[in-house]
Amino acid sequence: MLRSVSARRLSTFPHTPSPSLRLLSTRAQRVLSALDLPTDTSSPISGVFDGQWRGSGDELVSRCPATGEILGRIKTATMSETREAISASVAASRMIRQMPAPKRGEVVRQMRQALESKVGELGDLISLEMGKIKSEGKGEVQEFIDCCDLATGLSRTMSGRVLPSERPEHVIYEIPNPLGVVGILSAFNFPVAVYLIRHITRNLTIALATGNSTIWKPAPSTPLTSIAVTRLLQPVLEKNGLPGAVAALVCGGVDVGKTLVASEDVPLVSFTGSEKIGKEVGKAVQDRFGKSILELGGNNAVIVDADADLSLALQGVLFAAVGTAGQRCTSTRRLLLHKSISKEFLSRLLPIYDAAQHEPHLIVGDPLEPSSLIGPMHNVAAVEKYEATLKAVTSRGGEILTKRSGRITDGKKALAGGNWVWPTVVKPKKDDPCWKEEVFAPILYVAEFETLEEAIELNNSVPQGLSSSLFTTSVQNMGKWLGPEGSDCGIVNINVGTSGAEIGAGFGGNKSTGWGRESGGDAWKQYVRWSAATVNYSNKLPLAQGVNFGVSTWSGW
């Protein structure tokens, strides 16, 4: 079922908004006004902040994926403004690194308070501009708040090491110090940019706690959310005597992203996006001997073994496969079913995909309506990719198992102008190339296996290695899955879906996912430079490894 906005006429949302149209729908006006964002789309908003708001580059247009209406026009950074923002961030980094770490933690704690005061409003903006359902939009902000808590605690617990020396009256220290500027790039050139809040969350909070400034280049399709976040953080920085460039913002396109990546004043670049662009970013940063954190493709699999709790597995697969309309980096793309339970599991799964109103079903509708479970695709390019993928897989002999697939075109139900598609389950041929490609869409591929070893081989047979999940009640299977012969992914779950990672553990993937880690665990150690210091507190100078240089020195010196 697709639910339209209740008590609002579809004519409020034109299919193709005219450039001369300036009136926003009531829902959009309410969301933007709550965050003091302009509702007059004829006047562009400044999309550059490094202590002052400006922007004289090309205009970006933010569109609502649910209705197609224009939400705002944003003035981006020119190359000159981007370089100036980088310079301002460098200067700001010298200030924040001099602040004691617990004081930096206090700044992050105050950021938490600012975000918490607008958690519902900011969540609604995410739903409006990105298309996530209401609870997920709010959940994104809650994750930001949780990461602030993590970073605040980290500011009092970051530690180096004290090591014993083989030389008498010597000691060795391993010391972490700030890097300087951390560049945060959210998916430039990537058509479905749903990572925005999560990406800045995991990087900005940890970067500030470790004593770095940040400069954020958000996805071109979601500038309003980035501007709203920056506006919320700006007063916190000012209150604590810190320059705005501690958390700088540069909205823009490819040229802005390339300028950040190439800058030797940005020692660490964190990029979330496609494998293709991530490879270019990694090479460019390495070419200047910089550091990079890459969060790239997912292509995640759920394995449901013969002994699994099928009801539990069904819940896990549904949320991970269709939540965020399949546009999470951790969305389930591949479902691997043991032959003995495959028929029964699909007999439970497919009716939920196909069900109409008055049955247990997936409500596709306005992401701002609390009852909606699936929102729109992020943009038209994502819809086209979804359609092209289904056409290609079926042309190669694949079978669509759901009754519904493709665009939702029923004008009586669909919100006008939106990017709406049906979640779809497909059974491709075993050798179809689709298995190795990640598609950001609610398409779930299904295959069968006979042994756990075969399932693990299928799980590991793709280039990507972000998230994976095994549903089983066997301790032996659990041990195999978690061990050296098990999943090769960065996230290896048991009886939990592939999405919904918590911030306490390091988040990231292996192989072509990029090997980067963000958030908890030891991820903070990537945001500092490490130095080993040997300290001699004696009046002698012995050499290590028993080396004797054999040169006497004049004692009169």
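Within this structure, PHE507 passes the test of being surrounded by 15 or more Cβ atoms within 10 Å (Cβ to Cβ) and closer than 25 Å to LEU179 by Cβ.
Per-residue answers, yes or no, for (1) over 22 Å from LEU185 (Cα atoms); (2) in contact with a His (Cβ under 9 Å, 6 or more places away or on another chain); (3) aliphatic (A, V, I, L, M); (4) buried (at least 23 other Cβ atoms within 10 Å of the Cβ):
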{"residue": "ALA88", "(1), (2), (3), (4)": "no, no, yes, no"}
{"residue": "ALA91", "(1), (2), (3), (4)": "no, no, yes, no"}
{"residue": "PRO100", "(1), (2), (3), (4)": "yes, no, no, no"}
{"residue": "LYS103", "(1), (2), (3), (4)": "yes, no, no, no"}
{"residue": "GLN110", "(1), (2), (3), (4)": "yes, no, no, no"}
{"residue": "GLN113", "(1), (2), (3), (4)": "yes, no, no, no"}
{"residue": "LYS118", "(1), (2), (3), (4)": "yes, no, no, no"}
{"residue": "CYS148", "(1), (2), (3), (4)": "no, no, no, yes"}
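Filter region 149-174 for residues that are among the small types (Gly, Ala, Ser) and part of a loop (DSSP other than H, G, I, E, B); which is nearest to the chain's Cα centre (by Cα)? Checking each candidate, the answer is SER155. If you go through region 379-401 and keep only what is touching a Ser or Thr at 6+ places or on another chain (Cβ under 7 Å) and either open to solvent by less than 10 Å² (accessible area, probe 1.4 Å) or modelled with pLDDT of 95 or more (or both), you end up with LEU390, ILE400. Residues that are under 21 Å from ILE172 (Cβ atoms) and among the aromatic types (Phe, Trp, Tyr) within region 513-553 comprise TRP530, TYR537, PHE549, listed in sequence order. If a residue must be more than 15 Å from LEU232 (Cα to Cα), of a type in the set (D, E, K, R) and either assigned to a helix (DSSP H, G or I) or modelled with pLDDT of 95 or more (or both), how many such residues does region 18-53 contain? Here the count works out to 2. When the residues of region 30-85 are filtered to those that are aliphatic (A, V, I, L, M) and without any contact (Cβ under 8 Å) to a residue 60 or more places away in the chain, the one that is farthest from PRO223 (Cα to Cα) is ILE70.
The values are calculated or read from the model by the stated rules, or taken from the named source; none is laboratory data. Here the structure is a predicted model, which means the values were calculated and not measured. Reconstructed Cβ throughout: ideal geometry from the backbone, glycine too, with neighbour counts over all protein chains shown. Surface areas here come from the heavy atoms of the whole protein model, side chains and all, with no ligands, DNA or RNA. Shrake-Rupley method; radii C 1.70, N 1.55, O 1.52, S 1.80 Å.
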